[in-house]
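Chemist: First the structure, then my questions, so here it is.
Readers should treat all values here as calculations from the given coordinates under stated rules, not as data from a laboratory. Keep in mind it's a predicted model, so treat the numbers as computed, not measured. Counting neighbours? That spans all protein chains shown, and the Cβs are built from the backbone with ideal geometry, glycine included.
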Amino acid sequence: MVSGEAHLVGDLSLSDSLHIDGSIKGNVKSASDVIIGKTGSFEGDLSAVNVLISGRFQGNISAQRMEIVAGGRVDGEVEVAELVIESGGHFNGSSRIRSEAPRRLSYSETDAGDSSEDVMDVEPEEQDKQSTG
């Protein structure tokens, strides 16, 4: 935890969660969750599994899931699999949604009409195109 009066400058690499109520200027890599509290601020690059922002963030985020709650502000670039912006949260920048790993589709001989089983890799975008067309 980085308390409200603390100001940290530098890079961190963590295996545990981090809660920021003070300020960090630098780069953080966490194998867990990072929470930026209402009084917290972060400037730099952040990589974590889940990121919850109710304070201020400026920089780049790479995460599985990012949530900006009411009062939270993000300025920068994010790359996430899931992005949630609550009413009252602010996002100014660009986002890139990570695609899931290719899904494996298989169908048996009853579906294919022959005695072999066909398996094919389909990217999520391609799967959507195939199911509509």
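Chemist: Test ILE24 against the stated conditions and say whether it is over 18 Å from the mean Cα position of the chain (by Cα) and in a strand (DSSP E or B).
Modeler: Answer is yes for this residue.
Chemist: Still on this structure: Would you please name the residue that is surrounded by the fewest Cβ atoms within 10 Å (Cβ to Cβ), looking only at residues in region 38-77 that are among the hydrophobic types (A, V, I, L, M, F, W, C), in a strand (DSSP E or B) and out of contact with any Leu (no Cβ under 9 Å at 6 or more places or on another chain)? Outline the logic, then answer.
Modeler: Residues of region 38-77 that are among the hydrophobic types (A, V, I, L, M, F, W, C), as a first pass: 42, 46, 48-49, 51-53, 57, 61, 63, 66, 68-70, 74.
Cutting the leftovers down to in a strand (DSSP E or B) gives us 42, 46, 48-49, 51-53, 57, 61, 63, 66, 68, 74.
Still in the list and also out of contact with any Leu (no Cβ under 9 Å at 6 or more places or on another chain): 42, 46, 49, 51-53, 74.
Numbers: PHE42: 28, LEU46: 28, VAL49: 13, VAL51: 26, LEU52: 20, ILE53: 29, VAL74: 26.
Here the residue is VAL49.
Chemist: Every residue in region 36-85 that is polar (S, T, N, Q) and closer than 21 Å to GLU5 by Cα, please.
Modeler: THR39, SER41, SER54, GLN58
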